[in-house]
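The structure under discussion appears below in the form of C-alpha cells.
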C-alpha cells in the first residue's frame with residue numbers, strides 16, 4: 001500500500017480552509033443600520049456630554065460623603081509678638097518669638113441630618129444624569145435609524161422617478177414616431193410632452209431630496225452612507241402587543257420619565273437638607289501641638305486638647321424660613337415637570353404604537369394597489385396599441401402606478417421608523433438593535449438597571465389607551481350595500497301596477513297590492529330641512545317648537561334636562577330680537593338612522609354675540625328626525 005505524503009495532506013487542508021473562508025466572511029457581514037446607529041452613539045457629542053455629566057455627578061456624591069469622615073488639618077506658625085502692659089511690669093514693653101506646629105482632627109457628630117440629606121440629594125441627581133445619558137443614547141439611535149431610513153427611501157424614490165421618466169420617454173418617442181409617419185395627432189405629442197416634463201421635474205425633486213437626507217445622515221452618523229442600505233434590522237422583537245402594554249412599558253421604562261421622577265426625589269432631599277439649618281451643629285475636636293512659646297503663651301512647649309463644640313444659629317434674618325418655602329415650591333415644580341414628561345412620553349408611545357399597527361395594515365393594501373396598477377398599466381398599453389384606449393388613459397395609468405409605488409415605498413420605510421419610535425418610547429431601542437452605549441461597564445449603576453418609580457410615579461398622567469368610536473369595515477360594507485340598494489331602487493323601472501288601468505281591473509289590482517309587502521313610510525322631511533326649521537324656531541323665539549326638535553333620550557352635557565330647558569327658555573324669552581345664522585354645513589351619515597351635522601353658528605342677541613362650531617346628531621324615530629346629541633367645539 002502506498003503512503004500519502006504529509007505535505008500533500010497539509011496542502012489539502014489549507015485549500016479546504018481557504019475555500020470555507022469566503023462563506024464565513026459573508027456570514028459575518030454586519031447590519032448597516034446597526035453599524036450606523038452604533039457609530040452615532042459612540043461619536044455623538046451630545047451623548048458623550050451626557051456621559052461626562054453623569055460621571056461628574058458620581059464624583060459629586062463622593063464629595064458629599066466626605067462630610068461623614070473626620071477632617072485632619074496641619075497648621076504651623078512662626079511669629080514675633082510685641083505688647084505693652086503698664087501694671088508695674090518691668091519693662092512695660094516686651095517682645096516674644098513664637099514657633100509651633102499643631103495637628104487638629106475634627107469629626108462631625110450632628111448637623112440636623114444635613115449631610116445625609118445632601119448625599120441623598122446628590123445621589124438622586126446622579127440618577128437624573130444617568131437617565132439623561134440613557135435618553136440621549138436612545139435619541140441618537142432613533143435619529144440614526146430615521147436618517148438611515150430616509151436615505152434608503154430617497155434612493156428608492158429616485159429609482160422610481162427614473163423608471164417613471166423612462167416610461168414617459170418611451171411613450172413620447174412612440175407618439176413622436178407616429179406623428180412623423182403621419183398616423184398620429186400633434187395634440188397627443190403635446191400632451192405626452194407635458195407629462196414627460198413633469199416626470200423630469202419629479203426626478204429633479206427626488207434627486208434634491210436624496211442630497212438633503214444624505215447630508216443629514218453624514219451629520220448624525222459622521223460618515224457617507226454605504227452603497228447598500230437594506231432594511232434588514234429586526235425591530236419586531238419586543239414591540240408591545242397592545243396599546244395598554246405600550247403605555248405601561250413607557251411609564252416604567254422611559255428614561256426621561258425616570259429622570260423626572262429622580263428629580264422629584266432630589267428636590268425632596270433638598271428640602272430636608274434645608275431643614276437642618278434649624279438644628280445645632282456639634283463637632284468633636286482633638287488638637288495637639290508643640291513648639292516654643294506655643295500659641296503666644298510664654299515658655300509653653302506642648303499642648304493637647306480635646307472637646308465637643310456646639311454651634312446653633314438662633315436668628316438669620318428669616319433667610320432660613322424663606323429658603324424652606326423656596327424649596328417647597330421647587331418640589332412642586334419638579335412634580336409638575338414629572339407629570340409633563342409622563343404625558344409627553346405617553347403621547348409619543350401611543351402615536352408610535354398606532355403608526356406601527358396602521359402602517360402594517362396599510363402596506364398590505366398598498367401592495368395590492370401596486371399589483372393592480374401594474375396590471376392595469378400593461379393592459380392599457382396593449383389596448384392603446386390596437387386603438388382601444390386613448391393616450392390619456394395610458395398616461396393616467398402610468399401616473400397612478402408611479403403614485404402607488406411611491407406610497408408603498410413611503411409606508412415601508414415609515415414602518416421601520418415607527419417601530420424604532422415605539423422602542424425608543426420605552427428606552428429599548430439600543431437593546432433592540434443590539435448596540436452598546438458609550439462608556440464602559442462601570443458606568444452602568446445597579447440602582448439604574450433595576451430602577452422603579454414606586455410611590456413617586458406621575459400623578460397626572462392617564463395611562464389608559466384611547467379608543468375611537470370608528471365604524472368597522474363590515475359596517476361600511478353594509479352601508480355600501482344599503483346605498484347601492486337605494487340607488488338601484490331609484491333607477492328601477494316603474495312597475496306596471498302604478499300605470500293607470502281601466503276601472504274593470506281596479507279591484508284585482510287592489511287585491512294584488514294588499515298581498516305585496518308595503519315599503520317603509522317615507523321620511524316626512526330631510527335632515528337639512530329639519531336643521532333649517534330648528535334655526536327658524538330659535539330665531540322666532542318659539543319655545544314650544546324649539547324644544548320639540550329634541551328627542552326624549554336627549555341628555556344635555558354637564559346639566560340636567562330640566563336645567564337645560566330652563567336655561568334655553570330664559571334665552572328665548574330675552575328682550576329684543578335673536579339672529580341665528582349657520583354656514584359651512586357638513587352632513588355625515590353615521591348609520592341608516594343616525595346623521596351628524598356640523599356647522600358654524602353665528603348668534604346675536606341684545607348685548608351678546610357669539611360664533612362657535614356646533615355639532616347636532618339626529619336620529620330617525622318613525623318618520624321624523626330628532627336631535628339626540630348636541631355639542632359645541
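The values are calculated or read from the model by the stated rules, or taken from the named source; none is laboratory data. This is a predicted model, so every value here is computed, not measured. We place every Cβ from the backbone using ideal geometry, glycine too, and count neighbours over all the protein chains shown.
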If the requirement is being part of a helix (DSSP H, G or I) and in contact (Cβ under 8 Å) with a residue 12 or more places away in the chain, which of these qualifies: 374, 361? 374
Looking at this structure, is residue 185 modelled with pLDDT of 95 or more, surrounded by fewer than 23 Cβ atoms within 10 Å (Cβ to Cβ) and either over 25 Å from residue 208 (Cα atoms) or out of contact with any strand residue (DSSP E or B) (no Cβ under 7 Å at 6 or more places or on another chain) (or both)? no
In the range 268-302, anything free of Cβ contacts under 8 Å to residues at least 60 places away in the same chain, in contact with a helix residue (DSSP H, G or I) (Cβ under 8 Å, 6 or more places away or on another chain) and closer than 30 Å to residue 82 by Cβ is listed as 300, 301, 302
When the residues of the range 151-173 are narrowed to those that are under 26 Å from residue 213 (Cα atoms) and over 36 Å from the mean Cα position of the chain (by Cα), which ends up surrounded by the fewest Cβ atoms within 10 Å (Cβ to Cβ)? 166
For the range 26-69, how many residues are surrounded by fewer than 13 Cβ atoms within 10 Å (Cβ to Cβ) and over 26 Å from the mean Cα position of the chain (by Cα)? 12
Might you let me know whether the range 556-567 holds any residue that is more than 17 Å from residue 527 (Cβ to Cβ), in contact with a helix residue (DSSP H, G or I) (Cβ under 8 Å, 6 or more places away or on another chain), surrounded by fewer than 13 Cβ atoms within 10 Å (Cβ to Cβ) and touching a residue at least 24 places away in the same chain (Cβ under 8 Å)? no
If you check residue 210 against the conditions, is it modelled with pLDDT of 90 or more, farther than 30 Å from residue 45 by Cβ and either in contact with a helix residue (DSSP H, G or I) (Cβ under 9 Å, 6 or more places away or on another chain) or not in a helix (DSSP H, G or I) (or both)? no
Meets criteria (at pLDDT below 95 and not in a helix (DSSP H, G or I)) for residue 327: no
Given the structure, is residue 121 within 27 Å of the chain's Cα centre (by Cα) and either modelled with pLDDT of 95 or more or buried (at least 20 other Cβ atoms within 10 Å of the Cβ) (or both)? no
If you check residue 102 against the conditions, is it closer than 30 Å to residue 327 by Cβ and touching a residue at least 24 places away in the same chain (Cβ under 8 Å)? no
